[in-house]
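> Here it is, the structure, as structure tokens.
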Amino acid sequence: MAVYAMTGGATGIGAALKNKLTERGDTIIVSDIKGGDVTADLSNEQGRAAAIEGIKGLAKDGLDGFIACAGLGPHVEPKSLITGVNYFGAVSSVEGAKKLVKPGGSIVVVASNSASMDLDPELVEMLLAGEEAKSAEHLSKLDSVQAGSNAYCGSKRAIATWTRRNAPAFAKQGIRLNAVAPGPTDTPLVAAASVAEGFEESMAMAANSIPLGHKAEPDMIADSILFLLGEQSRFVAGSVLFVDGAQDSLMRPDQF
């Protein structure tokens, strides 16, 4: 029986993954803003520290793996919350969990296929440089829809880039670091964004452009995470696995 920890496991992809891990007999520790084993808000430094301390207290013998799954959609206000959770919260939780994951373990970050959209390179550079206050100020100068789109896509691009940049160092410590990049998935986050003012059209276009013909179910993304956590992927490190029904290859057929 393995022991895993995860941020954002109360709903959506995280809940589907939790169910699959529990069903096979593993232990899963969930940190979430509500409904988890550890209550913590990843949008601020205090909450990020509380998440790791709470997980550490429950995982006394260490972890076999960790999943950074917490995320916010483009409709959330203020827009700095999006980058705070999706990028800074993810980086902080992964760096904290690294100290708890045993050699031979696996860490998976949930990014998005929107990571391939380079809407705001300046914002992405701020995120990668750790400039949280500056990135919040940058977003505050944009209108709500543009700020939401830039914050979401930019945070996912930045966390996928961060994963790639840091995977070699993690590998040298015996930990495999990878990311999954889901396309539109039938989750509460996507449902809320799809009816939010200013985002209806873009969300509908994204959902309708999937070559396989439909959005993913959360368990489809959870299965890809299970693969990256497991023995079958023991030599996979530094990868960004697109799980999007061929949507990314439709948009970027010559890039890989």
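Rule-based calculations on the coordinates, nothing more; no lab input. Since the model is a prediction, treat every value here as computed from it, not as a measurement. In this analysis, Cβ positions are derived from the backbone assuming ideal geometry, glycine residues included, and neighbour counts consider all displayed protein chains.
> Highest mean first, what order results for 140-153, 24-37, 200-213 on Cβ atoms within 10 Å?
Ranked from most to least packed, the peptides come out as 140-153, 24-37, 200-213.
> State the extension gain, in nm to one decimal, for the chain segment bounded by residue 201 and residue 171, taking 0.36 nm per residue of separation less the distance between their alpha-carbons.
Separation in residues times 0.36 nm, less the Cα-Cα distance, equals 6.7 nm.
> Now a separate question. Compute the acute angle (0 to 90°) between the alpha-carbon long axis of helix 45-58 and the principal axis of greatest extent of the alpha-carbon atoms of the chain; round to the nearest 10°.
Between helix and principal axis, roughly 30 degrees.
> Only four residue types carry charge here, +1 at the Cβ of Lys and Arg and -1 at the Cβ of Asp and Glu. Report the dipole size of the chain about the Cα centre in Debye, rounded to the nearest 20.
It comes to approximately 940 debye.
> While we're looking at this one, here's another question. Rounded to two decimals, what is the ratio between the C-alpha radius of gyration of the chain and 2.2 N^0.38 Å?
0.93
> Further, regarding this structure: Using a Förster distance of 22 Å, how high is the FRET efficiency between residue 45 and residue 119, based on the Cβ-Cβ distance and rounded to 0.05?
The calculated FRET efficiency here is 0.25.
> Out of residues 5 or more away from residue 38 or on other chains, whose amide H comes under 5 Å of its own, with H placed 1.01 Å from N in the peptide plane?
30, 31, 32
> So how far apart, in nm, are the two label points at residue 141 and residue 254 if each is 7 Å from Cα heading toward Cβ?
3.4
> With a cut-off of 8 Å between alpha carbons and a minimum separation of six or more residues, what is the relative contact order of region 142-256 in percent?
35
> Count the net charge of all other residues whose Cβ sits under 10 Å from the Cβ of residue 62, scoring Lys and Arg as +1 and Asp and Glu as -1.
Summing Lys/Arg as +1 and Asp/Glu as -1 gives +2.
> Further question on the same structure: Could you work out the helix-only [θ] at 222 nm for the chain, with each DSSP H run of four or more residues adding -39,500 (n - 2.57) and the total divided by the number of residues, to the nearest 500 deg cm²/dmol?
-14000 deg cm²/dmol
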